[in-house]
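Notes to accompany the following structure.
The values are calculated or read from the model by the stated rules, or taken from the named source; none is laboratory data. Owing to the predicted nature of the structure, the values given are computational and were not obtained by experimental measurement. Here the Cβ positions follow ideal geometry from the backbone for every residue, glycine too, while neighbour counts run over all protein chains shown. To get the accessible areas, we keep the full protein, side chains included, count just its heavy atoms, and leave off ligands, DNA and RNA. Shrake-Rupley method; radii C 1.70, N 1.55, O 1.52, S 1.80 Å.
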Amino acid sequence: RATDILITGGLAALFLLFVGVASLGYGKEIGDYATKEFPESLKVFTVAVVCLFLAYLAGAIGMTAIVGALGAGLLMRDIRARDSNGNERSMEELIRPAYWTLVPIFFVLLGTQVRLESFWDKEAVLLGLVFTVVAVLGKLVAGMGVRERGVNRLWVGVGMVPRAEMALIVVGLGMSAKVFDHLSYSAIMVMIVITSLFGPPILKRLLYAPEDFEAFRSQEGKNEI
């Protein structure tokens, strides 16, 4: 109903406003206080609890849990803790092992929801190509909205073309809520794969002149070695 949509939208707006204001106005103070006053063993635990609580709160008011988790990251971003060697690390560095562990599992879950036979369906492939064209054009148009002088709008648009983690999260939520059927899901996956594979190389070509691009590739090869 329209009333339910308005209520949910209002609560979501208030939630995001509160998190945004709190993180901008008090994020540094929160980080400094937790860094100085909390025992080292409680810092990561506290971040995890705040993340789960805000994710639950976001879900309770009709938003996706990832919005609440994002809010937790904004609030807790300045907390620092010491590793086993006594070196002070940012919270991002400390929770990175959890990211490396959980993200692959998440992608495995998404992969199990793909029906490979749908990729042989001409309708799924054509729909995926249509989604790809719309996705690329949408990002290019969005890039034109940049008003800062000296910023190349085409670079911004192309930089936004790749659809990876967030698109996979959204489409995964859609499948869980039974918003998409397997045909639509496979078509969206086609779009994600195409934009993720071709977006970064095209952006590199735009960012670097031909001679700079060759030097960049040579440096990349040395780094890999």
- [ ] Could you tell me the accessible area of ARG82 in Å² (1.4 Å probe, neighbours in place), rounded to the nearest ten?
- [x] 130 Å²
Task: Heavy-atom accessible area per residue - the chain, 1.4 Å, Å² - done: 67 Å²
Open item on the list: Ignoring everything except DSSP H segments at least 4 long, calculate the 222 nm mean residue ellipticity for the chain; use -39,500 (n - 2.57) per segment, divide by total residues, nearest 500.
Closed with: -26500 deg cm²/dmol
Open item on the list: Using a 1.4 Å probe on the protein heavy atoms, what percent of the accessible area of segment 75-145 belongs to carbon and sulfur?
Closed with: 67 percent
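Report the full-extension gain for the segment LEU6 to VAL170: residue separation times 0.36 nm, less the Cα-Cα distance, to one decimal in nm.
56.9 nm
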- [ ] Extending each Cα 7 Å along its Cβ direction at ARG89 and ARG149, get the distance between those two points in nm, one decimal.
- [x] 4.4 nm
Task: GNM result for the chain, Cα springs below 10 Å: residue of PHE180, PHE45, PHE131 fluctuating most strongly - done: PHE45
Open item on the list: Only four residue types carry charge here, +1 at the Cβ of Lys and Arg and -1 at the Cβ of Asp and Glu. Report the dipole size of segment 147-209 about the Cα centre in Debye, rounded to the nearest 20.
Closed with: 320 debye
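Treat every Asp and Glu Cβ in segment 57-201 as -1 and every Lys and Arg Cβ as +1, leave all other atoms uncharged, and give the resulting dipole magnitude about the Cα centre to the nearest 20 debye.
Magnitude of the dipole: close to 360 debye.
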Task: Mean Cβ count within 10 Å, highest first, over the residues of peptides 67-75, 93-101, 15-23 - done: 67-75, 15-23, 93-101
- [ ] Answer rounded, prolate or oblate for segment 1-85, using the Cα gyration tensor with square roots of eigenvalues a ≥ b ≥ c: rounded when a/c is under 1.5, else prolate when a/b is larger than b/c, else oblate.
- [x] prolate
Task: segment 10-68, accessible surface, carbon-and-sulfur percent (1.4 angstrom probe) - done: 77 percent
TODO: Give the relative contact order (percent, whole number) for segment 36-187; include only Cα pairs under 8 Å separated by 6+ residues.
DONE: 17 percent
